[in-house]
Amino acid sequence: MPKNLWPKDSCPYCKDQGFDAVVGGVAPGEVVFGFVNHHTGAGESIVFRTVTNEKVSLMVDNNYRVLVTKISAGSVAALGQAYVYEQYKDHFRLFAENGEDYDVIVIGRVAY
């Protein structure tokens, strides 16, 4: 890859999907996508179609991985880490602090 360029500058898939870059290694057939979530409820459903602006609607199965990192200031120590407790092909449920912002990365096979 040429220096001083983003993957989106030379990779048609990244450009098409609106991804500046791709981080890490994935298994063949898997993709990585991410978004920011402003959490509004303890067991909030995160619907792929909604959070990706309809770029991802459905995963092939529920064996995808979700990485969640809090990015807003302030914390309630007693709550602990945010975590995913149910996964479905079209959404997952996230337990986290209300009113806080999280970076969410999903790794898995996308159906469409």
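The values are calculated or read from the model by the stated rules, or taken from the named source; none is laboratory data. Because the structure is predicted, anything quoted here is derived from the model rather than measured. Because the Cβ atoms are built from the backbone with ideal geometry, glycine has one as well, and the counts that use them run over all protein chains shown.
Looking only at residues in the stretch 93-111 that are in a strand (DSSP E or B) and of a type in the set (Asp, Glu), which one is farthest from residue 72 (Cα to Cα)?
103
Residue-wise test of (1) basic (Lys, Arg); (2) within 26 Å of residue 9 (Cβ to Cβ); (3) at pLDDT 90 or above.
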| site | (1), (2), (3) |
| --- | --- |
| 32 | no, yes, no |
| 46 | no, no, yes |
| 54 | no, yes, yes |
| 58 | no, no, yes |
| 62 | no, no, yes |
| 82 | no, no, no |
| 110 | no, yes, yes |
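Can you find even one residue in the stretch 92-100 that is surrounded by 17 or more Cβ atoms within 10 Å (Cβ to Cβ) and within 19 Å of residue 29 (Cβ to Cβ)?
Within the stretch 92-100 (the criterion being surrounded by 17 or more Cβ atoms within 10 Å (Cβ to Cβ) and within 19 Å of residue 29 (Cβ to Cβ)), the answer is no, since none of the residues qualifies.
Which residues, counting only those in the stretch 29-48, are closer than 15 Å to residue 108 by Cβ and not hydrophobic (A, V, I, L, M, F, W, C)?
The answer is 29, 30, 34.
For the stretch 31-59: of the residues being within 13 Å of the chain's Cα centre (by Cα) and charged (D, E, K, R), which is farthest from residue 70 (Cα to Cα)?
55
All but one of (1) in a strand (DSSP E or B); (2) buried (at least 16 other Cβ atoms within 10 Å of the Cβ) hold for residue 69; state the number of the condition that does not hold.
Against the list (1) in a strand (DSSP E or B); (2) buried (at least 16 other Cβ atoms within 10 Å of the Cβ), residue 69 comes up short only on (2).
Looking only at the stretch 33-50, which residues are in contact with a His (Cβ under 9 Å, 6 or more places away or on another chain) and not in a strand (DSSP E or B)?
Those that are in contact with a His (Cβ under 9 Å, 6 or more places away or on another chain) and not in a strand (DSSP E or B): 48, 49, 50.
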